[in-house]
Amino acid sequence: MTAAALRLENIVKTFPGVRALDGVSFDVRPGEVHALMGENGAGKSTLMKVLGGIHQPNEGTIHVGERPVVMQTPQDAKALGIMFIHQELSLATELSVAENIYLGALPTRGFGRVDRARLHADTQRILDKLRVSFGPGTKVGDLSIANQQMVEIARALTVDPVAVIFDEPTASLTDAEKVVLFDVIADLKAQGVGIIYISHRMEEIFRITDRISVLRDGQYRGTLDTAETDEDEVTQLMIGRALDLSRNTSHHQLGDVALEVQGLSCGRLYEDISFAVRRGEVVGFYGLVGAGRTEIAETLFGLREPSKGRILLDGSEVRLGSPADAIAHGISLVPEDRKGQGLVLGMNCRDNMTLPQVSDLASGMLTAEGAETDIFARYHESLDIRTPSWRQTVGNLSGGNQQKIVIGKWLAMKPKVLIVDEPTRGIDVGSKAEIHNLIRGLAADGYAVIVISSEMPEVLHVSDRIVAMFSGRITRTFSSEEVTEDALVQAISGLSEKPAA
Amino acid sequence: MQPGSLSTFLKRGAIWAFIAVELAFFSVAGQYLSVTDTAFLDLDNMLLLLKQSAPIGIIALGMTVVMINGNIDLSVGATFALAAIVLLDSMTWPIFAGLGDWVIPISWALALATGVVLGAINGFIVWKTGVDAFIVTLGAMLGYRGLVFMYNGEQPTSHLNWTLIDFAEAQVLGLHTATWFLLGTVLVLWLVMNFTVHGRNAYAIGDNREAAVNAGIRVGPHMMINFMLIGFLAALSAVVFYSESGSVNPNDGTLYELWAITAVVLGGTKLTGGSGSVVATFGGVIAIQLLRKGLGYIGADTETVNLVIGLILIAVLFLDRQLNVKGRQELRT
Amino acid sequence: MADTASTTDAKRGGKDAPPREPILKLVAKQGILIAFVLFMIGFALANSRFLDPENIMGVIRSSAILGVMALGVTFVVISGNLDLSVGSMMSFSTIVVLDLHDKIGPALAIPAMFALTLCLGAFIGFLVGYLKLNSLIVTLGMLSAIHGLTLTWSGGQNMDIADKSGTWFSVFGQGEMLGIPVPILLFALLAATLGVVLARTPFGRKVYAVGGNGTAATFSGIRRARVVFLCYLVSAFCVACAGLIQASRSLGSQNTVGQGMELEVLAAVILGGASLLGGSGAIYKTVIGVLILGFIQNGLLLIGLQFYAQYVVTWIIIILAVWLDIGAKRGRFLSPIA
Amino acid sequence: QDSFTIGITQNNVGVDSYQTTYEQAFIDAAEANDNVETVVLDAGGDVARQIAQMEDLIQQEVDAIIIWPTNGEAVIPAVRKASQAGIPVIVTNSNIAEPGFDFVASFSGPDNITQGSRSAEIMCDRFKEQGIADEAQIVQISGQPGYTTAIERAQGFEERLPEVCPNVTLLETQPGDWNREKSQQVMEAFLVKYDDIDGVYSGDDNMGVGALNAAKAAGRAGDITFVGATNFAVGYEAMEAGDYWGSIYQSPVDDAEAALQTALDVLNGEDVPFLNYFDTPKITQENMGEFSKPVF
Ligand SMILES: Nc1ncnc2c1ncn2[C@@H]1O[C@H](COP(=O)(O)OP(=O)(O)OP(=O)(O)O)[C@@H](O)[C@H]1O
Ligand SMILES: Nc1ncnc2c1ncn2[C@@H]1O[C@H](COP(=O)(O)OP(=O)(O)OP(=O)(O)O)[C@@H](O)[C@H]1O
Ligand SMILES: O[C@@H]1[C@@H](O)[C@H](O)OC[C@H]1O
Ligand SMILES: [Mg+2]
Ligand SMILES: [Mg+2]
């Protein structure tokens, strides 16, 4: 057996009120892709932050090769050849792509001047490997989230690393970009780099990893050889039970049309969009990143002014000047950017969850704290949110648990029309199933639901009908009976005009 | 053109457009309202404008760097005064008695060093305690002012050295000494901010401090250097100004921090850090000085000057915003 | 053992009884309170008169004006904005109410002054809230513009009530109820009311949300512009109250009575732990911030330091207090900045 | 007679009613004279702005410049520039320092040191009347730190007092920043700190009245002799009411008119004394009938 590239032993890390890591041991070998799995809040990111020099462990040791090391800062980790691609984007949006990639290590040529020629040449080489369309000089703030993620990934390729940590790198990537990423990982692997790969997506895990280690509640639960295990076993280890991840077959009684959109356009973001959603129906919107789905959702939520077209609720036209209007009409939106749009990070969990209805709940002039706590308790329970109490600051929750707070917030509104944009980005398998059930359950209760997702299994699993979009236009609408994966792929790549054979 | 650079140009353009408006307005209004015959746009008057922009201008340029870095420095006015005291007082120190006019460079150096030290104190506290720069420097604004008063009680500190004054009043190629320092500072900082690692890191830290930390930048020392830089520039401003005026009141420089910040923000630098430009700040400084000068030129009285300066600051922001509206498809947040 | 069990429980969320932090730990987190107590002890040891009830009353009374203004600014700061116009606006309110006192009588002068001050607040609120202009520059501009307005109103002259002994107007600044000076009562009343508004009403919650993350607040259906607008109205209302107390206290005033107070007010709010980035702070903390500043000033005067030595000591105390406060919160005193 | 353009740069107009009244009186006086046009500027207390204004006035080629210095020394080089450009400079209200005298045509204004000593005399005389001149204890509230007027008044007072009343103790001095409110706070602390205060000297009446208000609130006003300077209307009223003892009578209107007249005299080539002080007499409850109530 080869010596480990990296070895962690008995790592303990506590935060006030939380024992995030409770004696975790873990190692990665050179040329190995090692998956780290666990539910939201299990401690994966925390463990990696310990390895990346961001957190100092309370107990435990870290070895690089044979050498015990202490890492006080990210700088130290980098110096030891440990590269870290963070779960949350960690970029300076005002700087260029090249400057971000080489942040902290800009090449110079005397008097502290940046050697821009070399910087751009080096960057271009890396960008070429990643097959992206933007150049080294592009401002990162002008890139889509997916491309920003690619910039993060590019950083790992600037040095010859001993190990690279990918913390949910694919959460916002398209399939094409994922393929590139997996190629990059294969290259690294071939060079003998040890890779730690965190993801909630089973198919990826089984496609690229060699071993799988599982954390649960901050404790190490075991390591499996990927080749010798299956999804059920991993799931079992992660959440202590098996899951049923089948395709949607149940159908509810459909009611009247709740929401209808006629000929809606918004500049060149999307054009001539028409569709209807009935009570009891889940309509999935599937397409590539940039297809314009989010913009439609934003329009329906009063955040954008359409240039043409009409929006009808229960048959009568409405004007939505702001999210407040939309909410008053019974529309809710779970936005795609949880940190930027979904949460007030410095606020506690309960207050975030009840924010849209704080006025409605109020008794007299005062906030109804009791009722708010009850609402929190309800979704705390049903969404299995991991946090010691409602008083916890949302910013301290793990990524997936933050997402659950956002979902709970909008479910709690009991909306007429619920729009969810990438609802399970970063959510663990167990909770994902839970959220899917919730969405189906809402439909069963007579709500109209729109699900925007870039994950085909998800769309297939929850939708009664699927709207496929390409480049700002609807290309085709499928019912759940007729839809096939191939037809869907065609429809979202602009190929659907060609008659299917 | 890279995406975003057109909007950047428009944004930066707002301040220059405003300067043009000011020039036009005061030229025309001056025809009717001014009691003097010299034109507002007279070359000498414009050269004076540059010179008179130097004291706040040099400070504002340093403030730009600190604000891009995600910090702020409210103690610059007091630093300005303390550096001035050291400048003027040290020229009379007995140990330098034999030096004749050679005391001048020494006094300059001592004054500049004072600024650097005061800046370093702020920077060090920000770095080591993690207390927000706003509070640290708000406290220092008081504390450094206390030091100013300790030095010479309530008395002004004065020393008239005519060699120095003649140097400071000199004009080379038409530009006053102060103007050369102002323009030199613009040039140097522009180079530093755009072409050096330190400059680029300053943007990165202001933009996303955590990202900078994760990328291994030593954020603490970096910020401390910028505080030393603004301390240096506040002192340079004092050196330039008091070389010519020869006396400092312990109250001098009060409110300079606010004017400097105003100029910086008018130039489009974000209060939250991460973006901004020293050249645009230069525009902001000129715009303010032009306003003061122009209002005097057309004979506005004190009440009106206060009222108008206030409202015009707001108007510039409004103009700036109008130029930056992305159109009807903007997300309404 | 028990230890492990309880952590697991906590992680699971402790659904029945959310764990409360022990009182001692809570207190330890209030670094600013500790700082406050420490300074009080220090001053008391340095000068025996410091703790005279009379002196304490006196300090609170003279802090009341600053304090009332700080209450309003707390709203503005939590909503993520600044208000540098409060000093200048307070001068305006004071001059206006004094001038109108003799012209239309106090009973009309007071509401008229409140109306005018609220108009100024509404104007600022409109610019910052609805037009989304940068609050630092807007309020700095208004600092200057309102000063011009005040000078125009008064012609730059002192404004004094003609018959100082015969007006009931003096009650707000000089009166007493139950042995407590009215300014203190007004300050306490306003602090209590605004404290409840901020901590316990939907509006207060929205103020925190808007300051914490304006985009997320909008996405939650909060009308952000309106919230900001209202914060400036609250601030203007507090300024009007401060102006009323000020005018009533001396029954006459200069045009510059509030000059420079904007930074003192801000210092008090920040000292209380509000973040300039918005989203955090509290009324009771601001009150502590105000009292700290008031007692520092008074304590140093009693010790008899020269005013400039007071400046230096104040500097050190402010930084120590805030350091203690945030150090206690994050559990270590050396900053996390690398 | 020729027609003249005269520029003035004032110290800080908005800061108190003395300066505002001065500005207005100056404009009125100039308007009353058909031969004079004026450029009226305010430095807002900032020496850099004042120097810039000097430069602007020189550049605009005015016939004479009147300056109310923000700092009696810092403006000397600017004054020299004016005189080198052939523009006569008249200093008003508070003088510039001696090295600048060569470049100045004349000074017109009050003598602040004398004012300080007169206030000391008023205070001392009062104590003698009361028979407490051997034991009295006083406090001083000075003007804005750093300002020439504040410094000179304090200096005059502190030098003269021991000469006339050697046994009176000056307990403490703190600045009141020309501000009634600030002064009231300072006095509140003095009252807590000192059980026995017999007199308060304030750098002007605005501050004096602030101190008076504090003493009244503490019920100790009756035991204290208040003496100020620059008799503002508030001070005059407080004297009428018997609360406030004395001050120095100084009219901003006289001040402004004297400055303008001096400038005109210089321009008309008349002989003017270099130090053109106008008198600022003592005013107390006893002789106030001789003075009209100040308009500011
Ligand atoms: N800075 C912090 N302060 C307090 N608690 C924290 C902090 N960081 C993480 N935690 C807690 O530690 C636990 C582990 O979080 P971590 O982010 O490691 O989870 P994760 O396994 O990465 O989850 P996800 O899959 O959702 O990303 C969570 O309960 C989280 O709330
Ligand atoms: N490579 C890119 N560079 C710059 N802007 C981009 C890029 N890709 C997309 N955008 C912009 O981002 C917006 C669309 O982003 P978004 O990814 O949210 O679309 P979407 O259809 O909602 O897709 P998804 O829901 O999968 O994210 C568009 O306004 C588009 O102009
Ligand atoms: O009373 C003072 C006046 O005499 C002086 O000249 O300027 C400042 C005033 O407060
Ligand atoms: Mg994570
Ligand atoms: Mg999207």
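Miscellaneous remarks
- The residue of the stretch A:356-401 that is nearest to ligand 3 (Cβ to nearest atom), among those that are among the acidic types (D, E) and more than 9 Å from chain C (Cβ to nearest Cβ), is A:E372.
- If you check A:V406, A:V344 for being within 16 Å of ligand 5 (Cβ to nearest atom) and either modelled with pLDDT under 95 or at negative phi (or both), only one passes: A:V406.
- Residues in the stretch D:109-155 that are modelled with pLDDT of 95 or more and in a strand (DSSP E or B): D:Q137, D:I138, D:V139, D:Q140, D:I141, D:S142.
- Of the helices (runs of 4 or more DSSP H) entirely within the stretch B:251-331, those holding at least 2 residues that are open to solvent by 40 Å² or more (accessible area, probe 1.4 Å) and within 10 Å of chain C (Cβ to nearest Cβ) occupy B:302-324.
- Tally, over the stretch B:144-191, of residues that are within 19 Å of B:A120 (Cα to Cα), over 19 Å from the mean Cα position of the chain (by Cα) and touching a residue at least 60 places away in the same chain (Cβ under 8 Å): 2
- Selection status of D:G210, more than 14 Å from chain C (Cβ to nearest Cβ) and either touching a residue at least 40 places away in the same chain (Cβ under 8 Å) or in a helix (DSSP H, G or I) (or both): no
- The test for being open to solvent by 10 Å² or more (accessible area, probe 1.4 Å), more than 16 Å from ligand 5 (Cβ to nearest atom) and either part of a helix (DSSP H, G or I) or within 13 Å of another protein chain (Cβ to nearest Cβ) (or both) does not hold for A:G430.
- The set of residues in the stretch C:314-331 being open to solvent by less than 20 Å² (accessible area, probe 1.4 Å) and within 13 Å of B:D132 (Cα to Cα) consists of C:I318, C:I319, C:A321, C:V322, C:D325, C:G327.
- A:T387 among the hydroxyl-bearing types (S, T, Y), in contact (Cβ under 8 Å) with a residue 60 or more places away in the chain, within 13 Å of ligand 1 (Cβ to nearest atom) and not assigned by TED's automatic domain parsing to the domain that holds A:I435: yes
- No other residue among C:I32, C:I110, C:I95, C:I60 is surrounded by 18 or more Cβ atoms within 10 Å (Cβ to Cβ), touching an Asp or Glu at 6+ places or on another chain (Cβ under 8 Å), part of a helix (DSSP H, G or I) and not basic (K, R) apart from C:I32.
- Of the residues examined, A:P423 is one that is surrounded by 24 or more Cβ atoms within 10 Å (Cβ to Cβ), within 16 Å of ligand 1 (Cβ to nearest atom) and not assigned by TED's automatic domain parsing to the domain that holds A:R216.
For every residue, the table says whether it meets (1) surrounded by 22 or more Cβ atoms within 10 Å (Cβ to Cβ); (2) more than 10 Å from every other protein chain (Cβ to nearest Cβ).
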{"residue": "D:E152", "(1), (2)": "yes, yes"}
{"residue": "D:Q184", "(1), (2)": "yes, no"}
{"residue": "D:V200", "(1), (2)": "yes, yes"}
{"residue": "D:A217", "(1), (2)": "no, no"}
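- Given (1) of a type in the set (D, E, K, R); (2) in a loop (DSSP other than H, G, I, E, B); (3) at pLDDT below 95, number of the condition D:D243 does not satisfy: (3)
- Test: residue in the stretch A:149-165 that is over 21 Å from the mean Cα position of the chain (by Cα) and either within 16 Å of ligand 3 (Cβ to nearest atom) or assigned to a helix (DSSP H, G or I) (or both): yes
- Members of the stretch A:390-424 found to be part of a loop (DSSP other than H, G, I, E, B), closer than 26 Å to A:A324 by Cβ and in contact (Cβ under 8 Å) with a residue 40 or more places away in the chain, listed by number: A:W390, A:A412, A:M413, A:P415, A:K416, A:E422, A:P423
- Residue, surrounded by the most Cβ atoms within 10 Å (Cβ to Cβ), within the stretch C:207-216, restricted to residues that are part of a helix (DSSP H, G or I) and at the interface with chain A (Cβ under 7 Å from one of its Cβ atoms): C:A209
- Some residue of the stretch C:250-261 being buried (at least 20 other Cβ atoms within 10 Å of the Cβ) and free of Cβ contacts under 8 Å to residues at least 60 places away in the same chain: no
- Test: residue in the stretch A:195-202 that is assigned to a loop (DSSP other than H, G, I, E, B), of a type in the set (K, R) and within 16 Å of ligand 4 (Cβ to nearest atom): yes
- All positions within the stretch D:56-105 that are in contact (Cβ under 8 Å) with a residue 24 or more places away in the chain and of a type in the set (S, T, Y): D:T70, D:T92, D:S94
- Look at (1) away from ligand 4 (no atom under 16 Å from the Cβ); (2) closer than 18 Å to A:T354 by Cα; (3) touching a helix residue (DSSP H, G or I) at 6+ places or on another chain (Cβ under 6 Å) and you find that A:I405 fails only one, number (1).
- Residues of the stretch C:145-159 that are within 27 Å of the chain's Cα centre (by Cα) and over 25 Å from B:I314 (Cα atoms): C:N158, C:M159.
- Checking each residue in the stretch C:132-174 for being more than 9 Å from chain D (Cβ to nearest Cβ) and among the basic types (K, R) picks out only C:K132.
- Selected residue (only one of C:S154, C:S144 is of a type in the set (S, T, N, Q), free of Cβ contacts under 8 Å to residues at least 60 places away in the same chain and either in contact with a strand residue (DSSP E or B) (Cβ under 8 Å, 6 or more places away or on another chain) or open to solvent by less than 30 Å² (accessible area, probe 1.4 Å) (or both)): C:S144
- Of all residues in the stretch A:155-173, those that are without any contact (Cβ under 8 Å) to a residue 60 or more places away in the chain have Cβ atoms under 8 Å from Cβ atoms of residues that are part of a loop (DSSP other than H, G, I, E, B) and basic (K, R), 6 or more apart or on another chain, in A:T170/A:R201.
- Of the strands (runs of 3 or more DSSP E) lying entirely inside the stretch A:45-116, those carrying at least 1 residues that are more than 16 Å from ligand 3 (Cβ to nearest atom) and surrounded by 23 or more Cβ atoms within 10 Å (Cβ to Cβ) are A:82-85.
- Residue check for B:T79: within 20 Å of B:L182 (Cβ to Cβ), within 14 Å of another protein chain (Cβ to nearest Cβ) and among the hydroxyl-bearing types (S, T, Y): yes
- Taken over the stretch D:246-286, the residue count meeting the criterion of being loosely packed, with under 14 Cβ neighbours inside 10 Å and farther than 22 Å from D:R153 by Cα is 5.
The values are calculated or read from the model by the stated rules, or taken from the named source; none is laboratory data. Just so we're clear, the structure is a prediction, and the values are computed from it rather than from any experiment. Don't worry about glycine lacking a Cβ; one is built from the backbone with ideal geometry, like all the others, and counts go over all protein chains shown. Just the protein is used for accessible areas: all its heavy atoms, side chains included, with ligands, DNA and RNA removed. Shrake-Rupley method; radii C 1.70, N 1.55, O 1.52, S 1.80 Å.
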